[in-house]
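Okay, structure first, notes after.
The values are calculated or read from the model by the stated rules, or taken from the named source; none is laboratory data. Since the structure is predicted, the reported quantities are computational estimates derived from the model, not experimental observations. Please note: Cβ atoms are built from the backbone with ideal geometry, for glycine as well, and neighbour counts cover all protein chains shown. Just the protein is used for accessible areas: all its heavy atoms, side chains included, with ligands, DNA and RNA removed. Shrake-Rupley method; radii C 1.70, N 1.55, O 1.52, S 1.80 Å.
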Amino acid sequence: MPELAALLRGAREDAGLSRQELAARTKIRVSTLEAMERGEFDRLPRGVFMRGFLRACARELNLDPEAVVASYSLETIVHPAPAPPLAQPDPLLAEPNAIRRYWRPLAAGVAFLLFVSFLARVRPDPASDAVVPRPVATTGVEAARNAKSSPTPRVASAPPRADGVEVAIRAARPLWLEATADGQQRVYRLMNAGERETIAARSEVRLRVGDAAAMQYSIDGRPGRPLGPSGAVRNVRITPANAKTFLP
């Protein structure tokens, strides 16, 4: 059962009302209330009619009408299919002068390979008076001098890793929240007033908030600025690089 349907049914039962009594107070048909409590919203009218039904029920059941409407919008939203990736153009065809840019490095590489191949084929002439040096054992002092005089190879350092980001959230009043950390879903529910969630990620935290004014949050222990007015739905992406933009 969807969370909104469970919330409506639980609030009605906590209020001690039957569906017939709630229908009499809200002027909504009993069959419509039954469908709402089963989460069968696709069988009901959409748009302003559905939002009117939800607000009427929320007022009678002591729920936040705007938070209930926002929860309905999140549960019934249709996510579009991802767009196909664009084909990467061939750099040699995309730029008219690309051949002129690349022919010199290619020619230099070919010449270097030919030179190495020529050296590999050369053999010492037996009639030559040249003396081939042999390896000579060195003492510890000489080895230390040779090591000191020879250049030390440089080792490429690994790229710095991100420290990650941690977002702590508190619901000031009933709040629908969907949260993912590095692409993995962490929260998908209706938070009651006073409840808390903490989401930590290596690269990014993505939030979908049903009521921007109802969410109080901090990033790495520092309080964040308000995300919007009451009832506003917000999509937020927080990374180690842009975390400061969410601070006052």
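See the values below:
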read-out	value
So Ala201, is it without any contact (Cβ under 8 Å) to a residue 60 or more places away in the chain and under 17 Å from the mean Cα position of the chain (by Cα)	yes
Breaking point among (1) surrounded by 17 or more Cβ atoms within 10 Å (Cβ to Cβ); (2) within 18 Å of Val233 (Cα to Cα); (3) within 17 Å of the chain's Cα centre (by Cα), for Ala171	(3)
Cβ pairs under 8 Å, 6+ apart, first in region 206-221 and farther than 15 Å from Ile238 by Cβ and of a type in the set (Gly, Ala, Ser), second open to solvent by less than 30 Å² (accessible area, probe 1.4 Å) and part of a helix (DSSP H, G or I)	Gly210/Ala67; Gly210/Ala70; Gly210/Ser71; Gly210/Leu74; Ala214/Ala67
Any chance Glu197 is touching a strand residue (DSSP E or B) at 6+ places or on another chain (Cβ under 8 Å), at pLDDT 50 or above and surrounded by 10 or more Cβ atoms within 10 Å (Cβ to Cβ)	yes
Every pair of residues 6+ apart whose Cβ atoms lie under 8 Å, when the first sits in region 234-248 and is over 27 Å from Glu66 (Cα atoms) while the second is polar (S, T, N, Q) and exposed (fewer than 14 other Cβ atoms within 10 Å of the Cβ)	Thr239/Ser203; Pro240/Ser203
Count of region 1-38 residues which are open to solvent by 50 Å² or more (accessible area, probe 1.4 Å) and polar (S, T, N, Q)	2
Any pair with Cβ under 9 angstrom, 6 or more apart, that starts in region 43-69 at a residue that is free of Cβ contacts under 8 Å to residues at least 12 places away in the same chain and ends at one that is among the aromatic types (Phe, Trp, Tyr) and surrounded by 16 or more Cβ atoms within 10 Å (Cβ to Cβ)	Pro45/Phe53
Residue check, Ala179 aliphatic (A, V, I, L, M), more than 18 Å from Tyr72 (Cα to Cα) and in a strand (DSSP E or B)	no
Residue, modelled with the highest pLDDT, within region 34-77, restricted to residues that are in contact with a helix residue (DSSP H, G or I) (Cβ under 9 Å, 6 or more places away or on another chain) and at positive phi	Asn62
